[in-house]
1. Please compute the per residue accessible area over the chain with all protein chains in place, 1.4 Å probe, rounded to a whole number of Å².
2. Roughly how far apart, in whole Å, are the Cα centres of region 91-123 and region 160-228?
3. At q = 0.16 Å⁻¹, work out log10 I(q)/I(0) for region 140-239 with the Debye formula, treating every Cα as an identical point scatterer and leaving solvent out; two decimals please.
4. Given the -39500 (n - 2.57) contribution per DSSP H run of 4+ residues, what per-residue ellipticity at 222 nm results for the chain, rounded to the nearest 500 deg cm²/dmol?
5. Pop out the Kirkwood hydrodynamic radius of the chain from its pairwise C-alpha distances, inverse of mean 1/r, in Å to one decimal.
6. What is the spin-label model distance, in nm, from Val29 to Lys43 if the labels are put 7 Å beyond Cα along the C-beta direction?
7. What's the longest piece of the chain with no exposed GluC sites (Glu not before Pro), counting a site as exposed if DSSP puts it in a loop and it has at most 16 other beta carbons within 10 Å?
8. List the lysines whose alpha-carbon lies under 24 Å from that of Lys176, not counting same-chain residues fewer than 8 positions away?
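The values are calculated or read from the model by the stated rules, or taken from the named source; none is laboratory data. Small disclaimer: the values here were computed from a predicted structure and weren't measured. Don't worry about glycine lacking a Cβ; one is built from the backbone with ideal geometry, like all the others, and counts go over all protein chains shown. Side chains are part of the model used for accessible areas, which takes the heavy atoms of the whole protein and leaves out ligands, DNA and RNA. Shrake-Rupley method; radii C 1.70, N 1.55, O 1.52, S 1.80 Å.
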Amino acid sequence: MNCIIIDDEPLAIDVLADYCKKIDFTEVVGTYTNPLDAITVIKEKKVDVIFCDIEMPQISGLEFINALENRPLFVFTTAYTQYAVEGFELNAVDYLVKPIPYHRFIKAISRTKEILAQKAKPTEANIFPSFGGNNDNQKFIFVKSEHENVKINLDEIEYIQGLKDYLKIHIAGTNKTILTLLSFKDLMEKLPSYQFIRVHKSFVVNVNVIRSIQRNRIVINDTRIPIGESHKTQFFSFLGL
């Protein structure tokens, strides 16, 4: 995935370039402190995603992106939160606020990869994006539980626990759990990879609801979930720890 980075602060460029180097499927094909210098490479090379600052002296990132024809996917990177609405109105993949933590960069790059994959290989998920398919727009999934298909909002899932032939899906704010015969593999294909990660042979967690990490355990509300030895490196890398 070819990336370019635009920011009037060289240090901010260095941070994002270093993040990109840690991802084996990304390559930085250009870095620019002046957005106008990036126009040629955007026109002549295959650029998949632009990481673009907003407040810059020559032209704002919002104005620059808005002026591009046939623009690639883009992620805004800024120290200011007040431009978020305008950024998403331009269909930004993500809006990262400086200083950018590594786990938020991972989330943005994962979203970008999934959108590109959907564009490259049209499926039913393009037509009905909310019905699973591991894409950026989904808000819920359906899982079969007993004799019905149950709708589950993704943000309400705290964690998923493997119990022999079943998976137990724990729902936030309640004592409610949903049992399904799905395998971890099948369920993970339904869930967005930027929000859910397997941390143990018996557990998948929603990273958005993690309260803290205590040594080799994840705390979600009052529940402590073990981090498996074989999943530890991937999990801590995902969080930038």
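1. Counting only protein heavy atoms, the per-residue value for the chain is 55 Å².
2. Spelled out, the Cα-based centre of one part sits 22 Å from the other.
3. -0.64
4. It comes out at -8000 deg cm²/dmol, rounded to the nearest 500.
5. Computed over the chain, the radius equals 19.5 Å.
6. 1.6 nm
7. 147-228
8. Filter leaves Lys139, Lys144, Lys151, Lys164, Lys168, Lys185, Lys190, Lys201.
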